[in-house]
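Below is one structure; the comments refer to it alone.
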Amino acid sequence: KSDFQPHVFPSTSVLLLFSEAPVLFKQELQNEEAKEGKQVRLTCELSKPGTPVQWMKGDTVLYASEKYEFKQHGTVAELIIRDVKSVDA
């Protein structure tokens, strides 16, 4: 039996920055489960490609680091959280 338990990450969000017509979510951010020490990938799909995205956990802006990696391919924005801990929930 594993000592690791899956955790759900509902408090991570994405902030869209736009100056033209509003960009909509084609696919909103979904809760994901991950085992402690592993990584989790959060994705959302936007209605307009190349839209600047700012990832946040609650009121805190996340920045690229060894812990967080951001990717954007067309309309899909991704956040990868490495070495997941319970405080990441």
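The values are calculated or read from the model by the stated rules, or taken from the named source; none is laboratory data. Predicted model only: the values in this text are computed from it and were never measured. Cβ: placed from backbone, ideal geometry, glycine included. Neighbour counts: every protein chain shown. Heads up: the accessible areas ignore ligands, DNA and RNA and are worked out on the full protein's heavy atoms, side chains in. Shrake-Rupley method; radii C 1.70, N 1.55, O 1.52, S 1.80 Å.
Students sometimes get this wrong: rank R82, R41 by accessible area, probe 1.4 Å, all chains present, largest first.
Sorted descending by solvent-accessible area, the residues read R41, R82.
Leaving out ligands and nucleic acids, and using a 1.4 Å probe, what accessible area per residue does segment 18-64 come to in Å²?
It amounts to 69 Å² per residue over segment 18-64.
What are the ³J(HN,Hα) values, in whole Hz, obtained from phi via the Karplus relation 6.51 cos²θ - 1.76 cosθ + 1.60 with θ = phi - 60°, for each residue of segment 70-78 in sequence order, with x given for Gly and Pro?
So the Karplus estimates, Gly and Pro as x, are 10, 9, 9, 10, x, 8, 9, 10, 10 Hz.
Under the rule of at least 5 residues apart or a separate chain, name every residue whose amide H is placed under 5 Å from the amide H of V76.
Placed amide hydrogens put L46 under 5 Å from V76.
Give the ranking of D83, D88, D59 by solvent-accessible surface, highest area first, calculated with a 1.4 Å probe.
Of D83, D88, D59, the descending order of accessible area is D59, D83, D88.
Along each of the three principal axes of the Cα atoms of segment 25-82, give the extent in whole Å, ordering the values from largest to smallest.
34, 21, 21
Where does each of 73-81, 47-55 land if you order them by average Cβ count within 10 Å, highest first?
73-81, 47-55
Would you work out what percent of the accessible area of segment 25-82, with all protein chains in place, is carbon or sulfur (probe 1.4 Å)?
With neighbouring chains kept in place, the figure for segment 25-82 is 44 percent.
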